[in-house]
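Step one of this worksheet: look at the structure below.
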């Protein structure tokens, strides 16, 4: 049966996985003055977090708990999960209304986002014509070959990676804290935790709808969450250049800031570089400045 609530504070055993001491972390500034629990996170890092995540993921349908590697802000080892005090509040907010995501058409939402990104700064008398021309040229290069508009959703991939490829992608990760969220599926976990990447979104409905679509089409599951980032592991990533480019257009429309392939590689901002990384690595990373 799915879990109705997060584990209690303390050590947790799920199947054969023994997690060290952890605690429920609470939403910041709840509207009614209560201390709503939105996630459970270990106090200390665990070794081989990729293997722990994989085993917990296999049990997720039974436990109702979606696992994730709990990353922290580069300048603060506590954020977003706590402030280093007892019964700490976090940078997380109230759980989002998932009904919003149910009403969103992913293709239409991404097309609208793509069109907004394609709008050049309005011309005015003080604008430098050379600078404007350079900006337009760079933007055209970044979105090649889709100069004429959003190309539509990438086709689903039905061919899974073999177990060795998945294991290799998440093996050797540095020790990290492990978190748990209550959600019906990995794509809903960010919304269930009240996570938002700063002020980039008014709500998480569109992001949740896209994550559900990627989970359905590519087997992309939540792997890691940080202050302004998250990572997915795709068990059925796109195969071939064309499919990679189409999915890269979706990535570009959702997160024009920066995309990371593998675990912590150089950030990518050009569509074709993103396409290459989507084909090469099953780990997809998203970061908002």
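Bear in mind that the values in this text are calculations on the coordinates, not laboratory data. Since the structure is predicted, the reported quantities are computational estimates derived from the model, not experimental observations. Methodologically, a virtual Cβ is constructed for each residue, glycine included, from the backbone with ideal geometry; neighbour enumeration extends over all protein chains shown.
Stick to Cα atoms and the Kirkwood definition of Rh, then tell me Rg/Rh for the stretch 145-279.
Answer for the stretch 145-279: 0.94.
Order of 138, 55, 206 from fewest to most other C-beta atoms within 10 Å?
By the 10 Å Cβ count, ascending, the order reads 138, 55, 206.
Using R₀ = 22 Å, calculate the FRET efficiency as 1/(1 + (r/R₀)^6) where r is the Cβ-Cβ separation of residue 13 and residue 58; round to 0.05.
0.90
Could you work out how far apart the two model spin labels at residue 241 and residue 74 are, taking each label as a point 7 Å from the Cα in the direction of the beta carbon, and quote it in nm?
Label-label distance for residue 241 and residue 74, simple model: 3.3 nm.
In which sequence would 148, 270 go, from the one with the fewest C-beta neighbours within 10 Å to the one with the most?
Starting with the residue having the fewest Cβ neighbours, the order is 148, 270.
Arrange the following residues from fewest to most other Cβ atoms within 10 Å of their Cβ: 214, 81, 114.
Neighbour counts put them in this order, fewest first: 114, 214, 81.
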